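The block underneath contains the structure these notes are about, expressed in structure tokens.
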Amino acid sequence: MKNRITCIGANTFREAVRDRVLYNLIAFALLLTGAAVLVGQISIDIEKLVVINLGLTAVSLFGVVIAIFVGIGLVSKEIEKRTLYTVLSRPVRRWEFIVGKFFGLAGTLLVNTLCMAVGVFFALLYVSHHLQKPDSWVLVALYFIILQFLIVTALALLFSSFSSPIMSAVFAFALFIIGSFSEDLRGFAAMTKGITHWLALGAAYLIPNLSALNVISSVAHGEAVARSLIIYNTAYSLLYAAMAVCGAVLIFEHRNLK
Amino acid sequence: MTASQRITITSSILLVFLLLASTLTLRRLDRLRTGSTLQEVLYLPSPKIVKSLSLGYDGLVADIYWTRAVQYFGGHHAAGNEHYRLLAPLLEITTYLDPHLLPPYEFGANFLAPPPPNGAGDPARAVALVERGIQANPDQWKLYYNLGFIYYLEIHDYARAARAFERGSQAPGAHPFVRILAAKMAQHAGDIETARMLWITTYESAHDKQIKANAVAHLRALQADAEVIALEKMVDEYRARMGHWPTNLAQLVSTGMLNGIPLDPTGRPYKLMPYGHVEVANPDDIPFITQGTPPGYKAPKVTAKQLGLTE
């Protein structure tokens with residue numbers, strides 16, 4: 001079983017590389033180099049801030065776009081190309097296929113993020129000439145971004161398991177945007193009363209909480225991230241991603257592939 | 001049981017478990033980041049940019065901004081926070097997006113004007129907000145009434161209040177009291193009867209139960225104020241007649257000046273303190289009271305419970 005999931009995961013990773021997904025790294029490198037050089041010339045004393053803010057934001061947005069656009073095609077493309085039937089005619093269960101696809105894309109994003117992280121630290125080194133201790137919090141922000149990718153990948157896979165690629169992209173993007181404001185939503189829900197309160201609260205808790213995973217601004221100012229936040233964000237992201245993958249497994253298990 | 005059924009059952013159980021676990025984790029996360037919900041973030045401070053970004057759906061965006069302003073004020077008020085930094089910008093964005101949306105002018109001005117802890121203590125911006133509302137909606141008598149209300153109660157500029165009520169009385173459908181208020185401002189500004197008329201107009205013209213409850217609370221306070229003033233006057237008369245202060249209100253009853261021990265709006269008897277000072281039994285139970293309180297009394301923040309709004 002473990003072997004089969006690893007095989008599907010590795011294939012997904014290879015396929016993403018073949019699809020030139022990692023080409024985004026070139027755009028990222030150009031963006032960061034440009035910003036590092038340009039901002040130093042046209043602004044005062046915010047070079048480091050811009051490199052961290054722009055770098056981490058680009059890591060996050062590039063990754064989310066990849067997670068969504070690759071994620072939505074994970075199942076539908078296999079059906080379209082009819083390769084899914086070849087895979088499922090072998091001793092591979094449907095759930096193994098979904099879980100393998102998830103790990104494959106998550107692995108792609110992890111590699112992509114690690115490359116970008118190296119770029120961010122190089123740019124940091126270029127603008128500030130030496131790294132300081134507070135810069136290590138950038139690593140935590142990057143870790144949170146990877147957790148964010150896990151959630152978005154799982155959601156894209158969930159939508160891909162029952163919907164068309166376009167609709168999956170719309171759903172996943174909408175949830176990503178709503179999830180970025182999820183704390184406000186829960187705040188609003190908490191102020192309602194009666195049955196509305198419970199319905200609003202239920203919906204607010206069902207939406208992924210992506211705002212807690214965004215610590216870019218604070219780490220740009222060298223602020224520390226609480227250990228408890230790291231622990232709970234990790235637990236939450238893993239649970240939520242697992243839940244979405246579970247949902248995808250459940251739907252895909254009953255999907256008529258004829 | 002087939003393999004597919006086993007997978008369905010297992011993944012269903014797992015799904016429910018993960019949903020519960022993620023919800024519980026999220027609750028812990030929320031407790032860790034208590035200041036993060038409805039935080040001090042305006043996102044976009046310029047009304048013009050917000051309008052451009054709304055892609056023509058400015059009505060809906062205005063509704064969202066108004067809701068955000070209400071929740072911002074409510075959240076800060078409930079938390080006992082005395083600073084409402086984002087309230088005015090939120091209201092300004094809302095009214096820029098939809099100048100014909102009336103609640104932000106009417107209620108928003110009442111959030112802005114009163115001094116903390118019951119408001120943002122910014123009557124100048126409240127006046128500016130309502131003036132903008134009047135410019136965009138010149139036929140809405142309630143806006144002139146609100147303007148006069150702020151001038152009267154918060155700024156104590158009775159001449160401007162009179163002018164606002166006068167303009168309001170000429171708007172279509174204006175409450176008959178508005179014309180009387182305009183007239184009263186000249187001679188009786190600052191007296192309890194005028195204030196009573198203001199709150200009665202508010203009560204009668206409001207549809208929102210919180211506004212009505214607030215008006216009732218003010219009317220109760222005004223009743224207590226009026227009764228305390230009347231009782232203290234009687235105590236003075238007693239002293240003038242008898243040559244000494246009465247030690248309790250029963251002495252006024254025995255001399256026939258009172259028919260019985262008077263009760264405050266909470267139903268408890270008024271207390272006579274040394275040197276003819278009359279006090280209510282518990283001023284905390286009569287929000288907005290200005291008379292009949294112990295020396296140095298500081299009124300607590302008015303809560304929804306005090307206004308009878310919680311079950």
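Every number in this text was worked out from the coordinates using simple rules, so none of it is lab data. Everything numeric in this text was worked out from a predicted model, so none of it was measured. Glycine also receives a Cβ, built like all others from the backbone with ideal geometry; neighbour counts cover every protein chain displayed.
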Taking Cα atoms only, helix A:227-254 is inclined relative to the longest principal axis of chain A by an angle, in degrees rounded to 10, of 30
By how many degrees, between 0 and 90 and to the nearest 10, does the Cα long axis of helix A:2-18 differ from the longest principal axis of chain A? 60
Do the sum for the protein assembly as shown: with -39,500 (n - 2.57) for every DSSP H run of n ≥ 4, divided by all residues, what is the mean residue ellipticity at 222 nm, to the nearest 500 deg cm²/dmol? -22500 deg cm²/dmol
For chain A, please report how many Lys pairs fall under 19 Å Cα to Cα, leaving out neighbours fewer than 8 apart on the same chain. 6
Using Cβ contacts closer than 10 Å as the measure, can you line up B:HIS100, B:HIS207 from fewest to most? B:HIS207, B:HIS100
Which whole-number percentage describes the relative contact order of chain B, with Cα contacts under 8 Å and a sequence gap of 6 or more? 9
If you plug each phi of the range A:25-32 into the Karplus form 6.51 cos²θ - 1.76 cosθ + 1.60 with θ = phi - 60°, what whole-Hz ³J(HN,Hα) values come out, in order, with x for Gly and Pro? 5, 5, 4, 4, 4, 5, 4, 5
Among B:MET242, B:MET185, B:MET273, which one moves the most in a GNM of chain B with springs linking Cα atoms closer than 10 Å? B:MET242
Ascending count of other beta-carbon atoms within 10 Å, so fewest first, for A:ILE230, B:ILE93, A:ILE26: A:ILE26, A:ILE230, B:ILE93
Spin-label pair B:ALA159/A:LEU110, simplified geometry with 7 Å Cα→Cβ offset, distance in nm: 7.7
Residues A:CYS115, A:CYS246 in order from fewest to most other beta-carbon atoms within 10 Å are A:CYS115, A:CYS246
Please say if the protein assembly as shown is rounded, prolate or oblate, where rounded means a/c under 1.5 for a ≥ b ≥ c the square roots of the C-alpha gyration tensor eigenvalues, and otherwise the choice is prolate for a/b larger than b/c and oblate otherwise? prolate
Does chain A come out rounded, prolate or oblate, given a ≥ b ≥ c as the square roots of the eigenvalues of its C-alpha gyration tensor, rounded meaning a/c under 1.5 and, failing that, prolate meaning a/b above b/c? oblate
Rough spin-label spacing in nm, given labels placed 7 Å along Cα→Cβ, for A:ILE166 and B:ASP236: 8.3
Return the single residue from B:ILE49, B:ILE211, B:ILE134 with maximal mean-square fluctuation; model: Gaussian network over chain B, springs between Cα atoms under 10 Å. B:ILE49
Given pairs B:LYS48/B:LYS184; B:LYS233/B:LYS298; B:LYS51/B:LYS142; B:LYS212/B:LYS298 and cut-off 31 Å on Cα-Cα distance, the over-length ones are B:LYS48/B:LYS184
Rank B:VAL130, A:VAL99, A:GLY34 by how far each Cα sits towards the positive end of the charge dipole of the protein assembly as shown (+1 on Lys, Arg Cβ; -1 on Asp, Glu Cβ) and give me just the farthest. A:VAL99
Using only atoms on other chains, find how many Cβ atoms lie within 10 Å of each Cβ of peptide A:186-193 and report the average. 5
Only helices at least 27 Å long along their own axis, judged from Cα atoms, and with Kyte-Doolittle mean hydropathy of 0.5 or greater: name those in chain B from DSSP H. B:3-32
Where is the GNM fluctuation largest for chain B (alpha-carbon springs, 10 angstrom cutoff): B:SER46, B:SER22, B:SER11? B:SER11
